[in-house]
């Protein structure tokens, strides 16, 4: 589906393309924020943690600017059909991107806290690094699916949230075991758990982005339907049978 098909006004096409590009620019900044937060955690670098906080201000500014772009398009162009779905999906997507940035900032703050509590175990570091890599890839895939308006790719990304949840639960069990074995580990492992929780929430927000892409492509709100509901919508009901490609949007 081409959500920026030719309109009577060429300027309208340019406005839609500009706001799409703004979302991708914001997404790129959020990805860098996650990378920097993970580096701050793994390297116990307080300066990198401060950099994440500065980057969060930029992400917030992106959200405000894109909101204003969308408001102008709604007021001036009164979009309909696929164009309206695009604007709605963008408004929802940037909210989740901003929240991903907030979670990255929480990771950075925990990095500072953990550096003050002493050395992390090698197992903790490896678990957090792997979880961070997984959710960062989810965000990247979600942005790529948004750029290509690809519901299938969005669905594949959403499926990965289950693995994130399982990793988080496994890490939580390990941390609880460490705390039970030696009460001196409690403060450190609580910090690990707060960090892991922030990463798990990044995965949740990335999954939300996938749901908005399905809405954009198929016009169906799949929130609260679960993964199977999303699969039914993308595949048209029958397993392995893709939904027919949507008809080109008609300007109204």
Next item on the list: Go through the stretch 186-210 and give me each residue that's within 11 Å of the chain's Cα centre (by Cα) and without any contact (Cβ under 8 Å) to a residue 60 or more places away in the chain.
Entry: 204
Notebook entry, point to check: Given 123, 154, 89, which one is surrounded by fewer than 16 Cβ atoms within 10 Å (Cβ to Cβ) and touching a residue at least 12 places away in the same chain (Cβ under 8 Å)?
Noted result: 123
Check: What is the one condition in (1) under 20 Å from the mean Cα position of the chain (by Cα); (2) surrounded by 17 or more Cβ atoms within 10 Å (Cβ to Cβ) that residue 163 does not satisfy?
Finding: (2)
Notebook entry, point to check: Before we move on, is residue 24 crowded, with 16+ Cβ neighbours inside 10 Å and out of contact with any strand residue (DSSP E or B) (no Cβ under 9 Å at 6 or more places or on another chain)?
Noted result: no
Next item on the list: Would you be able to say whether some residue in the stretch 236-244 is outside any loop (DSSP other than H, G, I, E, B), surrounded by fewer than 23 Cβ atoms within 10 Å (Cβ to Cβ) and in contact (Cβ under 8 Å) with a residue 12 or more places away in the chain?
Entry: no
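Residues are listed down the side, and each one gets a yes or a no for (1) within 21 Å of residue 209 (Cα to Cα); (2) in contact with a helix residue (DSSP H, G or I) (Cβ under 7 Å, 6 or more places away or on another chain); (3) at pLDDT 95 or above:
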position	(1), (2), (3)
59	yes, yes, yes
73	no, yes, yes
79	no, yes, no
98	yes, yes, yes
103	yes, yes, yes
108	no, yes, no
118	no, yes, no
131	yes, yes, yes
134	yes, yes, yes
Notebook entry, point to check: For the stretch 4-23, does any single residue satisfy the condition of being touching a helix residue (DSSP H, G or I) at 6+ places or on another chain (Cβ under 7 Å) and closer than 30 Å to residue 109 by Cα?
Noted result: yes
Next item on the list: Take the stretch 12-38 and flag every residue that is more than 15 Å from the chain's Cα centre (by Cα) and closer than 16 Å to residue 142 by Cα.
Entry: 20, 21, 22
Check: If you check residue 169 against the conditions, is it under 29 Å from residue 48 (Cβ atoms) and without any contact (Cβ under 8 Å) to a residue 12 or more places away in the chain?
Finding: yes
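Listed here are the residues, each with its yes/no results for (1) assigned to a helix (DSSP H, G or I); (2) under 19 Å from residue 94 (Cα atoms); (3) at pLDDT below 95.
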position: 166; (1), (2), (3): yes, no, no
position: 169; (1), (2), (3): yes, no, no
position: 187; (1), (2), (3): yes, no, yes
position: 192; (1), (2), (3): yes, no, yes
position: 202; (1), (2), (3): yes, yes, no
Check: In the stretch 51-80, what count of residues is obtained for those that are exposed (fewer than 14 other Cβ atoms within 10 Å of the Cβ) and farther than 13 Å from residue 23 by Cα?
Finding: 8
Notebook entry, point to check: Within the stretch 218-235, restricting attention to residues that are assigned to a helix (DSSP H, G or I) and either modelled with pLDDT of 95 or more or out of contact with any helix residue (DSSP H, G or I) (no Cβ under 8 Å at 6 or more places or on another chain) (or both), which residue is surrounded by the fewest Cβ atoms within 10 Å (Cβ to Cβ)?
Noted result: 228
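The values are calculated or read from the model by the stated rules, or taken from the named source; none is laboratory data. These numbers were taken from a predicted model, which means no experiment stands behind them. Virtual Cβ from ideal backbone geometry, glycine too; neighbours counted across all protein chains shown.
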